[in-house]
Amino acid sequence: MKIAGIAFGAVVVTLALLLAFASAFDWNRIKPWVNDKVSEATGRPFAINGDLSFRWERPPEQQAGWRRFIPWPHIRALDISLGNPGWARTGPLMARVKQVDTTISPLPLLTKTISIGTLVVDGGDVILEKSKDDKNNWTFKKEEEQKPSAWDFALHSLAIKNGNVRYVDPAKKADATARIDTSSDGTVNFRLGGIFNGEKVSGGGKAGGLLTLMKRNVQYPVDATLKVVETTITADGRLTDPAHPTALDVKLKILGASMADLFPLSGVVLPETPKFSTEGRVIGSFKPDDIRVRYEKFQGRVGQSDIAGTLEYLHRKPRPLLSGEVVSNQLRLTDLRALVGTDEEANKDDEKAKIPPGKVLPVSPFKTDRWGKMDVKVKFSGKRIIRDAALPIDNVETHVTMDNGVLALAPLNFGIAGGRLTTQLNIDGRNNPAKARMKVSARGLRLKEMFPKAETMQASIGEVNGDAELSAVGNSFAALLASSNGEVKSLIHQGSISKFILEAAGLNIASALAAKLFGDRQVRLNCMAVDFGVKNGVMQTRLFVIDTNDATITADGNINFAEEKLNLTINPESKGVRIISLRSPLYVSGTFKNPDFGVDKGVVAAKAAAATVLGVAAAPAAALLALINPGPAEDSPCVPLLKEAGKKPRAPPPGRK
């Protein structure tokens, strides 16, 4: 017993001497050795530039039994630096930390395990950098270059206080910094600011503990807000296996000035829109051979229109795919203006998108450089259209596809004036300028619904049918129209029309006045035929004839889309004796924005002209939607008239082109 007591006493004395020696030893003497070993292991310059100190402290409360009497070493190092690889452009240092505190469990050292109870990094600045050829500075020596270690490593608690992590990636035009601070419960709070994909980003939020990022089969909580340009994104949900993400399930809210602003962050090509907001559930799968994210059953608003649907992003080669369906139950037609660049409020700060004074055609440039980034297959439908009473559109549906930089809206269908307008639009953004083709087919457009504000048109029952085909080059709608080539044709036959309009067109003032005062009646419409040839943006009449039993009206001239000018001459020829008859032609001139209607004599005739010729005044817009001649029957009274009109084209009056 005496020998055992002596042995136990010797062990206690030895431990006491070791504890005393560890406390009294100047640990700064071993800094050169530590610096060399870490530098060798990482292949980078490493240095503890400040004080290295050691002290003993009580073990954590979780220790039980006799282990709670064994003190733990606490090591503190000040001013630590770690170098960057030679290719880095951000400077010589990858990291610099003001202070590091760590506690180590002593007993596992006996089994060659370094078990760190706590690791607290205070005042650190870390730069994570990638090169243009996809190298990164956080990968150190390859494992095959390192000798297998006989020691194991375990970290049980990690906290970062007042830390800054900067991410630099020239390929993604990214330079963003996150300021990180860990709460006492382990929650990570962060604030973000910088540039991503060339756009300003900012935000903040909170997430789970840092060590959770290294674990598998865990649900990592995320509550974050991110702002890109004028778009704010709020996410609240969970990420599965954050170290190697396999799944995502979050509630996502997005509020922004335009959906196109999401491109710098997401890489998803979306159109220019008015202010919008959406809310839905994002479900993601990140398997190595199947990466897809679905924005499921979202609802929101674009301008004053509602939207809902589901969109799915599929990562594939050579380009990712965005597919799905979007529905608007109540679509305001004015909210579509941003899509074609005619929203003056949205374009007020964009000089390239501002429509020049005196012009009306949209000049907002297509962002064709983005079109080749991804493919698109999305179906859109607007069920109820809220519009100006003068626009007879009642619904819209389209299939939007993008394939290797080629945008197609095929079909793009409108309900219009009681009929149907079917369009196929194709714009090839791979060329500069872009190349476009358009085919339009109109069926069953009712005259009285085409001009709902014209009181005298409400007795008319004729319908318009036909098609058009145009091709053009340009990087805006204005440029496309200014370079367009093709033809525009339409036909109305075997209908009826208000007599007052024809009397006004024939300039028979007395009869027109009588009809206006004492009532109108229907006049049989034998035919109305319109045939325009389009070359280099100028739409030239080849045939324009309206024929009834009472009058024949023809027109000559052109519509210049490049200059946005009208230059038409309307020639009325009455078929009977009139009390007063003025044979002077009608002139339709001026610009699209300020058209001018007139005759050589009298304001009265000019007023009559404004109600005339079944919407010649609206010819620029009608031409874009117009129609090919399905042709009257051979026994129609229009056939000889059309043949005769085709033989005798009218020359414009002197001084007019």
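The values are calculated or read from the model by the stated rules, or taken from the named source; none is laboratory data. Every value quoted in this text rests on a predicted model; they were computed, and no experiment measured them. All Cβ positions, even for glycine, are placed from backbone atoms using ideal geometry, and neighbour counts span all protein chains on display. Remember, those area values only see protein heavy atoms, side chains included, never the ligands or the DNA or RNA. Shrake-Rupley method; radii C 1.70, N 1.55, O 1.52, S 1.80 Å.
Only one of (1) within 19 Å of G86 (Cβ to Cβ); (2) open to solvent by less than 60 Å² (accessible area, probe 1.4 Å) fails for D133. Which number is that?
Against the list (1) within 19 Å of G86 (Cβ to Cβ); (2) open to solvent by less than 60 Å² (accessible area, probe 1.4 Å), D133 comes up short only on (2).
Being assigned to a strand (DSSP E or B) and open to solvent by 30 Å² or more (accessible area, probe 1.4 Å): is that true of T225 here?
yes
Which pairs turn up if I take residues in the range 88-113 that are in contact (Cβ under 8 Å) with a residue 12 or more places away in the chain and farther than 12 Å from F46 by Cβ and look for partners that are outside any strand (DSSP E or B) and open to solvent by 100 Å² or more (accessible area, probe 1.4 Å) with beta carbon separation below 6 Å, at least 6 apart in sequence or on another chain?
That search, which allows pairs on different chains as well, returns K112/W151.
Specify the residue that is modelled with the highest pLDDT; the eligible residues are those in the range 305-344 that are closer than 17 Å to F276 by Cβ and of a type in the set (D, E, K, R).
Applying the filter and picking the extreme gives D306.
If you check T398 against the conditions, is it of a type in the set (S, T, N, Q), open to solvent by less than 50 Å² (accessible area, probe 1.4 Å) and at pLDDT below 80? Spell out how you get there, then give the answer.
On the way: of a type in the set (S, T, N, Q): yes; open to solvent by less than 50 Å² (accessible area, probe 1.4 Å): yes; at pLDDT below 80: no.
No, not satisfied.
Any idea which of F46, F54 is modelled with pLDDT of 90 or more, open to solvent by less than 50 Å² (accessible area, probe 1.4 Å) and touching a helix residue (DSSP H, G or I) at 6+ places or on another chain (Cβ under 8 Å)?
After applying the criteria, what remains is F46.
Here's a check for you: in the range 151-168, which residue that is open to solvent by less than 60 Å² (accessible area, probe 1.4 Å) and at pLDDT 85 or above is nearest to G117 (Cα to Cα)?
This residue is A159.
In the list A171, A178, which residue meets the criterion of being surrounded by 16 or more Cβ atoms within 10 Å (Cβ to Cβ) and either out of contact with any Leu (no Cβ under 8 Å at 6 or more places or on another chain) or small (G, A, S) (or both)?
A178
Are any residues in the range 23-43 over 25 Å from A88 (Cβ atoms) and at pLDDT below 85, and if so, which ones?
Across the range 23-43, the qualifying residues are S23, A24, F25, D26, W27.
Return only the number of the condition from (1) within 25 Å of M94 (Cα to Cα); (2) open to solvent by 70 Å² or more (accessible area, probe 1.4 Å); (3) modelled with pLDDT under 85 that M1 does not satisfy.
(1)
So if I check each of L543, L502, L507, L480, which one is of a type in the set (A, V, I, L, M, F, W, C), buried (at least 19 other Cβ atoms within 10 Å of the Cβ) and at pLDDT 80 or above?
L480
Please specify each residue of the range 115-132 satisfying the condition of being closer than 30 Å to F196 by Cα and hydroxyl-bearing (S, T, Y).
S131 - this is the single residue of the range 115-132 that is closer than 30 Å to F196 by Cα and hydroxyl-bearing (S, T, Y).
So if I check each of K367, K359, which one is basic (K, R) and farther than 29 Å from N329 by Cβ?
Values: K367 fails: farther than 29 Å from N329 by Cβ.
Only one candidate passes the filter, namely K359.
For I127, work out the one condition from (1) over 43 Å from the mean Cα position of the chain (by Cα); (2) closer than 21 Å to I180 by Cβ it doesn't fulfil.
Exception for I127: condition (1).
May I ask you to list the residues in the range 70-102 that are among the charged types (D, E, K, R) and not in a strand (DSSP E or B)?
R89
Among the listed residues G117, G124, which satisfies the condition of being surrounded by 17 or more Cβ atoms within 10 Å (Cβ to Cβ) and within 30 Å of P170 (Cα to Cα)?
Checking each option against the conditions leaves just G124.
Restricting the search to the range 41-69, which residues are under 17 Å from D101 (Cα atoms) and assigned to a loop (DSSP other than H, G, I, E, B)?
Across the range 41-69, the qualifying residues are N49, G50, D51, R58, P59, P60.
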